[in-house]
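Some notes on the structure that comes next.
The values are calculated or read from the model by the stated rules, or taken from the named source; none is laboratory data. Quick caveat, the model's predicted, so the values are computed rather than measured. Glycine gets a Cβ as well: all are built from the backbone with ideal geometry, and neighbour counts include every protein chain shown. Quick note on the areas: whole protein, heavy atoms, side chains included, nothing else; ligands and nucleic acids left out. Shrake-Rupley method; radii C 1.70, N 1.55, O 1.52, S 1.80 Å.
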Amino acid sequence: MEKSAEQLRAEESIDLKDPALAAFLAWLIPGLGHLYQGRLAKAALFFVCIMGTFLYGLNLGSSNGVTASGRKIGWGRVVYFSWKENHKRLHYICQVGVGLPALPAVVQSWRVKRGKPVWWNGFMAPPRFDAPDAVPDANDPNGNQPTEDELHKELHRYFELGSVFTMIAGLLNVLAVYDAWGGPVFSAPAKKEEEDEEESETEEKEKEKEKEKEEA
C-alpha cells in the first residue's frame, strides 16, 4: 500500500537513527532507546511507567522482617533467577524484559552456584530450596538466606503480587523495544477510507447539481 504524503512527512520528522541500537538501549533501560532517537516524551513516559511498575513490584516482594528461624527477608525477593532441575523460575523470562534493572538476579544466581556469598544483603538473590525442617550446612556461605517456603509464609500474597507487577513491567518494555525498533504506527487505511467517502460525497453533489441544471 502506498504511503500518504502526511505519513511520509511524519516518518521523515522522526529519525530512528540505528533501529537495532535503539532497540538494545530500549531494552537495557526503559526509555533509553527513545531518548537516543530524540523522542523525549515517549522516553519519559516509558521510563516512568515501566520502571514505576517494576519498582512497585520489587517493593511488594520486600520486607525488613525476619523469619521464625531468624533469617532476614530483605529486598527484591520476587525477582530472582533459578534454572535448577527441580525449580525453574519461569517468571524471570518476563521480568528480564525490563533489562538492566533485573540483571542483578543473574549475578546473585551465579554467586550461589559457585558457592560464594551473595551481595547486597540478598537483593534479588535466589531463595534456598531446602525442606522446611532442613538444617543448612554450617559451611554454606548462604545458609542465612531464607527458603522459598519462608518467603511465601512471611510475604503472603504480596510475593505473588510483586511477581506479577515485575512481570508486567518486563512485558510492557518488550512493546517499548519494538516501538524503538520499528517506529510509530500510522493508521493509513482508515484515513484513506475517509478520503474515499469524501470524494464519493463530492461526486454525488456534483451529479445532483447537474440534474438541477438540466431540469431548469
Starting from the range 171-183, take each residue that is polar (S, T, N, Q) and list its partners that are buried (at least 18 other Cβ atoms within 10 Å of the Cβ) and outside any helix (DSSP H, G or I), counting only C-beta distances under 7 angstrom and pairs at least six apart or across chains.
Asn173/Pro30; Asn173/Gly99
So which pairs qualify, if the first residue must be in the range 18-36 and under 11 Å from Tyr178 (Cα atoms), the second must be β-branched (Val, Ile, Thr), the Cβ gap must be under 6 Å, and the two must be at least 6 apart or on different chains?
Ala23/Val177; Ala26/Val177; Trp27/Val177
Give the number of residues within the range 94-121 that are under 28 Å from Val174 (Cβ atoms), loosely packed, with under 13 Cβ neighbours inside 10 Å and in contact (Cβ under 8 Å) with a residue 24 or more places away in the chain.
1
Restricting to the range 83-93, count the residues that are outside any helix (DSSP H, G or I) and open to solvent by less than 90 Å² (accessible area, probe 1.4 Å).
3
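Residues are listed down the side, and each one gets a yes or a no for (1) open to solvent by less than 90 Å² (accessible area, probe 1.4 Å); (2) under 22 Å from Asp179 (Cα atoms); (3) assigned to a loop (DSSP other than H, G, I, E, B):
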| position | (1), (2), (3) |
| --- | --- |
| Ile50 | yes, yes, no |
| Thr53 | yes, yes, no |
| Gly57 | yes, no, no |
| Ser69 | yes, no, yes |
| Phe81 | yes, no, yes |
Unique match (being modelled with pLDDT under 95 and either buried (at least 17 other Cβ atoms within 10 Å of the Cβ) or assigned to a loop (DSSP other than H, G, I, E, B) (or both)) among Gly33, Gly38
Gly38
Sole miss for Pro127 among (1) modelled with pLDDT of 95 or more; (2) in contact with a Pro (Cβ under 7 Å, 6 or more places away or on another chain) is condition (1)
